[in-house]
Amino acid sequence: MTKAAASQPKTKRGIERRAKILAAAEQVIGEKGFAAASIADITRAADTASGTFYIYFSGKDVLFRELVEDMGRATRSQAAERIAGARNRLEAERAGLEAYLIVVRDRPMQYRIVEEARFVDPDAYRTYYTEFGEAYADQLKQAAEQGEISAGDAEVRAWALMGIAKTLGERFVLWEEGEVDIERVVAEAHKFICNGLAS
């Protein structure tokens, strides 16, 4: 996949139009998949001319990469907002898990696009999780140094906790029909994170 950069608009109108195209792309690609979604589908959903697309993106692959990067930033930002008021790392774990499951519930297309990136743009997929993992590991390392959690390999722990969140989002949010009981899932998972399987 090409790594050509997307064009960044300089006017308020341009920023809004570009954001509208990205939002439309999230919906269209999330529903149809990367291969089946056309630029015409995306511009139609964004209520904009096809030529306008190329002002901001040189192609669908560049748009897709931008979508994945944007989703990574949005997810990390929402998690950071939720854990900002936590008194310690264990409280932050609960708040962060809840924030992630809410993102999966509210933006299911985002989750599907990130998963499709594994095949469409493996570099973007890897970067999405690696950047999250690095920041997470730093937080866990600091918490261990401050005595809020036990000492351990922060990188392994970060990826294990990310795996828990990702799988719970799939099973108990995306696969559920009807109302999703996020509180039940968060409460049980948090108990497990804090205490493990020890009796």
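The values are calculated or read from the model by the stated rules, or taken from the named source; none is laboratory data. Since we're looking at a predicted model, the values are computed, not measured. When we count neighbours, we look across all protein chains shown, and the Cβ atoms used for this are built from the backbone with ideal geometry, even at glycine. Keep in mind that these areas ignore ligands, DNA and RNA; they rest on the heavy atoms of the full protein, side chains included. Shrake-Rupley method; radii C 1.70, N 1.55, O 1.52, S 1.80 Å.
Can you tell me the mean projection area, over all orientations, of the convex hull of region 50-101's alpha carbons? Units nm², please.
Computing the convex hull of the Cα atoms and averaging its projections yields 4.6 nm².
How far, in nm, would the chain grow between Q146 and E176 when pulled straight, counting 0.36 nm per residue and subtracting the alpha carbon separation?
Going from the current span to full extension adds 6.9 nm.
Measuring with a 1.4 Å probe in the full set of protein chains, what accessible area per residue, in whole Å², belongs to the chain?
Roughly 56 Å² per residue, with all protein chains present.
If I compute solvent accessible area with a 1.4 Å probe over the protein chains, what percent of it on region 9-125 is carbon and sulfur?
Summing carbon and sulfur atoms, their accessible area is 52 percent of the total for region 9-125.
Which of the lysines could be linked to K10 by a straight reach, that is with a Cα gap under 19 Å, when you skip same-chain ones fewer than 8 residues away?
Hits, sequence-local ones excluded: K20.
Taking 32 Å as the cut-off for C-alpha to C-alpha distance, list the pairs among K12/K60; K141/K191; K12/K141 that go past it.
Table pairs above 32 Å Cα-Cα are K12/K141.
Once phi is turned into ³J(HN,Hα) by the Karplus curve 6.51 cos²θ - 1.76 cosθ + 1.60 with θ = phi - 60°, what whole-Hz value does each residue of region 69-76 show in order, with x for glycine and proline?
Whole-Hz 3J(HN,Hα) from phi for region 69-76: 5, 4, 5, x, 4, 5, 5, 5.
For the chain, take the longest principal axis of its alpha carbons; what is the angle in degrees between that and the long axis of helix 89-106, to the nearest 10 within 0 to 90?
It is inclined by approximately 30 degrees.
Working from Cα positions, state the angle (0 to 90°, nearest 10) between the long axis of helix 108-120 and the longest principal axis of the chain.
80
For a protection proxy built on the mean count of beta-carbon atoms within 10 angstrom, sort 143-150, 183-190 highest first, please.
So the peptides 143-150, 183-190, ranked by packing, come out 183-190, 143-150.
Looking at the square roots a ≥ b ≥ c of the eigenvalues of the Cα gyration tensor of region 115-191, which shape do they give, rounded for a/c under 1.5, prolate if a/b is larger than b/c, or oblate?
Cα axes put region 115-191 in the oblate bin.
For the chain, calculate the relative contact order in percent as a whole number, restricting contacts to Cα pairs under 8 Å that are 6 or more residues apart.
The normalised contact order for the chain reaches 20 percent.
Rounded to the nearest 500, what is the 222 nm mean residue ellipticity of the chain from helices alone, with -39500 (n - 2.57) per DSSP H run of 4+ residues and division by all residues?
That calculation yields -24000 deg cm²/dmol at 222 nm.
Rounded, prolate or oblate, given the Cα gyration tensor of the chain, with a/c below 1.5 counting as rounded?
Taking the square roots of the gyration eigenvalues as a ≥ b ≥ c, the chain is prolate.
Would you work out the relative contact order for region 4-81, in percent, from Cα pairs under 8 angstrom that are 6 or more residues apart?
About 37 percent, as a whole number.
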